[in-house]
Amino acid sequence: MKPAPFEYVAPTTLAETLDLLDAHGDEAKVLAGGQSLGPLLNLRLAVPSVLVDINRVPGLDYLEADDGHVRLGALVRQRVAERSTVLVEAAPMVVEALHSVGHIGIRNRGTLAGSIAHADPSAEMPAVLTVLGGSVRAVSRDGDRTIPAASLFQTYFTTVLEPEEMVVEVLLPRRPARTGHAWLEFAQRHGDFAIVGVGAVVTLDEDGNCLAGRVVCTGVDSVPYDASTVAAALVGSPWTPTRVPRWPTPSPGRASRGRMCSRTRPTGGGSSVPSCRVHCKRRVDTPEEEQVESERLVQIEVNGAPYRSSVPVRTSLADFLREHLGLTGTHVGCEQGCAAPAPCCSTGGASVRASFSPSAPTDLAWRPSRVWPATTGCIPCRRRSSNTTVCNAGSALRAS
């Protein structure tokens, strides 16, 4: 599947962005990193009429701390946050959880704000925001508001954000004194979505008793699951590594709430585990849509050779390499886009996932770019290619 036709716009101010969202409403989607939106576009689970690329909007890539919070702009990349000394000191759980987010190529483009707004209950960042008691600041032409994590998520991939609103800032409280944390995931392979993840925060008083605690899980509910009864069992008691309260049983029907949960998978003993099937509208391209589709100029350097071509804005970088440049050694189709080539930006040398990335430049650092030549086999897959790297993971390791 390939994305349905859409109009691509790249505003250069926040005011212009908000005007576009106000004009197009729920027909518009905001593109920041595209690591969650890209697969949805490819599978046509998302079919926006307008894609609003905010990468040229200045002033959204800040990461700073004040007396009470760490503030991250909407364009702070996950890889930047992962390496941030500010977060290591003020909110170390964020850094620890980011190590489990996909692969380096994903984190180089993905943003914290985008992952939170995407509201995947299996993802790390919504759960981290919840367990830390963080919030987001959303703006529209009508003003701005701060939304705490406890009120933000409604169900699978659904938040309280209005179509004309955009998350511009993530606010995380600074870690209190005498506070520890833990983040643990169970996944079949590194980089996959975890089957279940658990984040815990515990604060002790001066006598070593538990003063406050919180536990939040991923992958067990339609929103980050707040297992508050676990923390309640600890409050007021001396803290010892062996004191582990009994895990609470989720209330019946809670995990199956929400309008997107539509089927169950039977398990042993006759019970059932809720499973999600996303309801989506599918659209077939008409000749008229193909004729009016806009194009953009792409300039790229591949294995030392420059290329310049106009392509439809919905063309992914991987398809541009294969179909427009004839580099058919570019491998596509290894599960979640992880086998696409990993082009490296000329400034910073950061690898990205070509299957998830639009060929139209999403920021100024894309001009020019280059693709790592496949002089060696991919480290994880041991595959080879004659003209481009066949596996993103191998390129990401060499690039970083």
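Applying the criterion of being closer than 16 Å to Met166 by Cα, in contact (Cβ under 8 Å) with a residue 24 or more places away in the chain and in contact with a Gly (Cβ under 8 Å, 6 or more places away or on another chain) to the residues of the range 54-65, the residue that is surrounded by the fewest Cβ atoms within 10 Å (Cβ to Cβ) is Gly59. Scan the range 151-160 and tell me whether some residue there is surrounded by fewer than 20 Cβ atoms within 10 Å (Cβ to Cβ) and in contact with a Leu (Cβ under 8 Å, 6 or more places away or on another chain). Looking through the range 151-160, at least one residue is surrounded by fewer than 20 Cβ atoms within 10 Å (Cβ to Cβ) and in contact with a Leu (Cβ under 8 Å, 6 or more places away or on another chain).
The residue that is farthest from the chain's Cα centre (by Cα), among those in the range 50-82 that are farther than 20 Å from His118 by Cβ and part of a loop (DSSP other than H, G, I, E, B), is Asp67.
Residue-wise test of (1) surrounded by 20 or more Cβ atoms within 10 Å (Cβ to Cβ); (2) among the β-branched types (Val, Ile, Thr); (3) part of a loop (DSSP other than H, G, I, E, B); (4) touching a helix residue (DSSP H, G or I) at 6+ places or on another chain (Cβ under 8 Å).
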position: Leu184; (1), (2), (3), (4): no, no, no, no
position: Glu206; (1), (2), (3), (4): no, no, yes, no
position: Ser222; (1), (2), (3), (4): yes, no, yes, no
position: Thr240; (1), (2), (3), (4): no, yes, yes, no
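Please determine whether any residue of the range 45-53 is crowded, with 21+ Cβ neighbours inside 10 Å, within 30 Å of Val311 (Cα to Cα) and touching a Gly at 6+ places or on another chain (Cβ under 6 Å). Checked against the condition, which is being crowded, with 21+ Cβ neighbours inside 10 Å, within 30 Å of Val311 (Cα to Cα) and touching a Gly at 6+ places or on another chain (Cβ under 6 Å), the range 45-53 yields no hits at all. Of all residues in the range 154-173, those that are at pLDDT 95 or above have Cβ atoms under 7 Å from Cβ atoms of residues that are among the charged types (D, E, K, R) and not in a loop (DSSP other than H, G, I, E, B), 6 or more apart or on another chain, in Pro163/Asp26; Glu164/Asp22; Val168/Arg137; Glu169/Arg71; Glu169/Arg137; Leu171/Arg71; Leu171/Arg137. For the range 153-194, enumerate the residues that are more than 15 Å from Met125 (Cα to Cα) and of a type in the set (A, V, I, L, M, F, W, C). Within the range 153-194, Val160, Leu161, Met166, Val168, Ala177, Phe186, Ala187 qualify. Applying the condition of being closer than 18 Å to Ala119 by Cα and not hydroxyl-bearing (Ser, Thr, Tyr) to the range 33-42 and asking which residue is surrounded by the fewest Cβ atoms within 10 Å (Cβ to Cβ) yields Pro39.
Condition check: assigned to a helix (DSSP H, G or I), in contact (Cβ under 8 Å) with a residue 12 or more places away in the chain and out of contact with any Phe, Trp or Tyr (no Cβ under 7 Å at 6 or more places or on another chain). Does Val30 satisfy that? No; evaluated as a whole, the condition is false for this residue. For the range 1-9, the criterion of being touching a helix residue (DSSP H, G or I) at 6+ places or on another chain (Cβ under 8 Å), touching a residue at least 12 places away in the same chain (Cβ under 8 Å) and within 18 Å of Val170 (Cβ to Cβ) is satisfied by no residue at all. Exactly one residue among Ala46, Ala4, Ala15 is farther than 24 Å from Gly105 by Cβ, among the small types (Gly, Ala, Ser) and in a loop (DSSP other than H, G, I, E, B), and that residue is Ala4.
Condition check for Thr146 on (1) modelled with pLDDT under 95; (2) assigned to a strand (DSSP E or B): one failure, at (1). If you go through the range 188-204 and keep only what is surrounded by fewer than 16 Cβ atoms within 10 Å (Cβ to Cβ) and closer than 23 Å to Ala117 by Cβ, you end up with Asp192, Val196.
The values are calculated or read from the model by the stated rules, or taken from the named source; none is laboratory data. Treat the numbers as computed from the prediction; the structure is a model and nothing was measured. Counting neighbours? That spans all protein chains shown, and the Cβs are built from the backbone with ideal geometry, glycine included.
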